[in-house]
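Asks: Before we start, here is the structure in question, set down as C-alpha cells.
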2 protein chains.
Amino acid sequence: MEQRDPLFSDEPEDTQIAILKATFDALAEHGYADLTIDRIGQYFPKSQGLIFYHYDGKDDLLIDLLDHLLERFEQIGMPVSDEGDSETRLRSLFDQVIPETSEQPDQKYEKVLIELRTQAAQDEEYQKCFNQSHDIFRESVQQIIQDGIESGDFRETDPDLVADFLVTLVSGDIFERVTTGSRRSILSELDNYIEYRLLADKEHNEDELNNT
Amino acid sequence: MEQRDPLFSDEPEDTQIAILKATFDALAEHGYADLTIDRIGQYFPKSQGLIFYHYDGKDDLLIDLLDHLLERFEQIGMPVSDEGDSETRLRSLFDQVIPETSEQPDQKYEKVLIELRTQAAQDEEYQKCFNQSHDIFRESVQQIIQDGIESGDFRETDPDLVADFLVTLVSGDIFERVTTGSRRSILSELDNYIEYRLLADKEHNEDELNNT
C-alpha cells in the first residue's frame, strides 16, 4: 500500500476540522456504540460548547465526518485512471487500498470506516453516503476492466461481474483486517487472479471455456 | 445458497434459548449501538426479570448469543468435508455461505453477525470468539485446496494464500450485502476464479508463469 497523507493534521487550525478529528479519534478508540459527545470532547482541545455551536448533535457530526472520510476514499480511484495500461492501472488502484503483509498501518482510518459502515445496516442516510462512494470505486474498477478488454490487455469477461468480485474482495480485506487483527495479505493471490483470470496473454482453451 | 434451518424456532420452549432469540431479533432490528435490555425485553414474551436470572447483563448475554451463532457457522465447513472431489466440495462450501442474486434472504443472521463482528475491532473477547470460527472455516477451505492439489484436481498453488483470498471474499460478500442492501452475486465470478485459477486442467504456460 502506498504511503498516504494523514487524514488530519496533528492540530487542525480550523475549529470544525478539529471537531471532526476529535470525533475520528474517539471513534477509533471507543467504537460507535460507546461514542458520546463527552468522549469526543476529550479529544478536542477547546470548549465542548463549540461542538454544539457547529453541530446539532452526534448524528449530524457523524454524517459530516463520514462525508469527509468518503471524499478521501473517492479520490483513490481517480488519479491513476488514465495513465498506463489496464493491468498497471488496476494494480495501482489495489496497491492504494490493500496493504502488504509487512506493513504496520495503524488502521485507524479503516477502523472508523468499518464502524460507520456497519451503521449503514440500520440507517438509510449512512447507506446512501456509503453506496455513493462504493459506486464510484466500483465504476473505476469496471472502467479499467472494460478498457483492458477493448485494448486487448484483458480477455473477454463481464466487467460488471469482475468489478463486483474485486470490490467485494477489497471490502472483505478491510473488514478482516479491522476485526481479526490479522496481518495476512491477499495481494499476492490477487495478483494471481489478475494473471490467470484477467490477462489476455494467459488465454487458452477459449472454446472449451465458452461452453461452461 | 442452500436452504438453511431457521436458527431459532418461532417460540422456543427453553427460556434461555428464548432470551437468545429475543436478543437476536432486537439486534437485527436495532443494531448493537441501540441495544438495551429493555429492547431485548420487547421481543421476550416472559418477564424481563428472567433475563437477569440467566445472565449477568447485556455483555454476558451477547457473548452467549455469539457462541450460539458461531456454532452454526462452524458447522458449515464440516458436512461436506470428505465427500466428492475437491472442486465439488469447494463449490458446496461456498453455496452455503453465498446466495444467488435471485434469492431474497432476510439476512437477519448475516446482519447480526456483522453487528457483533464489528465489536471485535474494540473488544478482545469478541475477537477471540470470531477468530476461532474464522480459523475453522479457513482451515476447511485450506484443506480442500490442499487435497485438490494432492489429487491432481487443482493446480499447484499455496493453499494458505488461496484460503485467505477466498475467506476474505466471503467476509466481503456478507459485509457488502448487509451494509449496501445490494443483491448482486459474486458466485459466477467465483466460479471463474475456481475454473481459471484453481482447476488443473486449465493449466497452461506453466514455465512462463513460474517465472513471474
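The values are calculated or read from the model by the stated rules, or taken from the named source; none is laboratory data. Keep in mind that this is a model prediction, so the values were computed, not measured. Quick reminder, even Gly has a Cβ in these numbers, built from the backbone with ideal geometry, and neighbours come from all protein chains shown. Heads up: the accessible areas ignore ligands, DNA and RNA and are worked out on the full protein's heavy atoms, side chains in. Shrake-Rupley method; radii C 1.70, N 1.55, O 1.52, S 1.80 Å.
Asks: Just the residues that are touching a Ser or Thr at 6+ places or on another chain (Cβ under 8 Å), open to solvent by 10 Å² or more (accessible area, probe 1.4 Å) and assigned to a helix (DSSP H, G or I), please, taken from segment A:122-157.
Replies: Scanning segment A:122-157 gives A:Gln127, A:Phe130, A:Asn131, A:His134, A:Ser140, A:Gln143, A:Asp147, A:Ile149, A:Ser151.
Asks: Could you count how many residues in segment A:158-188 are in contact with a helix residue (DSSP H, G or I) (Cβ under 7 Å, 6 or more places away or on another chain) and more than 28 Å from B:Arg138 (Cα to Cα)?
Replies: Number of matching residues: 1.
Asks: Out of the residues in segment A:146-176 that are β-branched (Val, Ile, Thr) and within 11 Å of chain B (Cβ to nearest Cβ), state the one that is nearest to B:Ile174 (Cα to Cα).
Replies: It comes out as A:Thr168.
Asks: Those residues that are over 21 Å from B:Ala33 (Cα atoms), polar (S, T, N, Q) and touching a residue at least 40 places away in the same chain (Cβ under 8 Å), I need them from segment A:105-145; list them, please.
Replies: Within segment A:105-145, A:Gln107, A:Gln132, A:Ser133, A:Ser140, A:Gln143 meet the criteria.
Asks: Additional query: Please go through segment B:179-188 and give me each residue that is assigned to a helix (DSSP H, G or I), facing chain A (nearest Cβ under 7 Å) and surrounded by fewer than 22 Cβ atoms within 10 Å (Cβ to Cβ), ordered by number.
Replies: B:Thr180, B:Ser188
Asks: Can you name the residue in segment A:30-55 that is in contact with a helix residue (DSSP H, G or I) (Cβ under 8 Å, 6 or more places away or on another chain) and among the charged types (D, E, K, R) and, of all such residues, is nearest to A:Arg184 (Cα to Cα)?
Replies: Here the answer is A:Arg39.
Asks: With respect to B:Lys46, determine if the residue is buried (at least 17 other Cβ atoms within 10 Å of the Cβ), of a type in the set (Lys, Arg) and either part of a helix (DSSP H, G or I) or touching a residue at least 24 places away in the same chain (Cβ under 8 Å) (or both).
Replies: Spelling it out, it is not the case that B:Lys46 is buried (at least 17 other Cβ atoms within 10 Å of the Cβ), of a type in the set (Lys, Arg) and either part of a helix (DSSP H, G or I) or touching a residue at least 24 places away in the same chain (Cβ under 8 Å) (or both).
Asks: Which condition from (1) modelled with pLDDT of 90 or more; (2) aromatic (Phe, Trp, Tyr); (3) within 17 Å of the chain's Cα centre (by Cα) is the one that A:Tyr109 breaks?
Replies: Checking A:Tyr109 against (1) modelled with pLDDT of 90 or more; (2) aromatic (Phe, Trp, Tyr); (3) within 17 Å of the chain's Cα centre (by Cα), the one that fails is (1).
Asks: Also, I was wondering about something else. In contact with a Gly (Cβ under 9 Å, 6 or more places away or on another chain), modelled with pLDDT under 90 and either in a helix (DSSP H, G or I) or among the polar types (S, T, N, Q) (or both): is that true of B:Gln75 in this structure?
Replies: Spelling it out, it is not the case that B:Gln75 is in contact with a Gly (Cβ under 9 Å, 6 or more places away or on another chain), modelled with pLDDT under 90 and either in a helix (DSSP H, G or I) or among the polar types (S, T, N, Q) (or both).
Asks: Would you be able to tell me the number of residues in segment A:158-178 that are open to solvent by less than 20 Å² (accessible area, probe 1.4 Å) and part of a loop (DSSP other than H, G, I, E, B)?
Replies: Total satisfying the criteria: 0.
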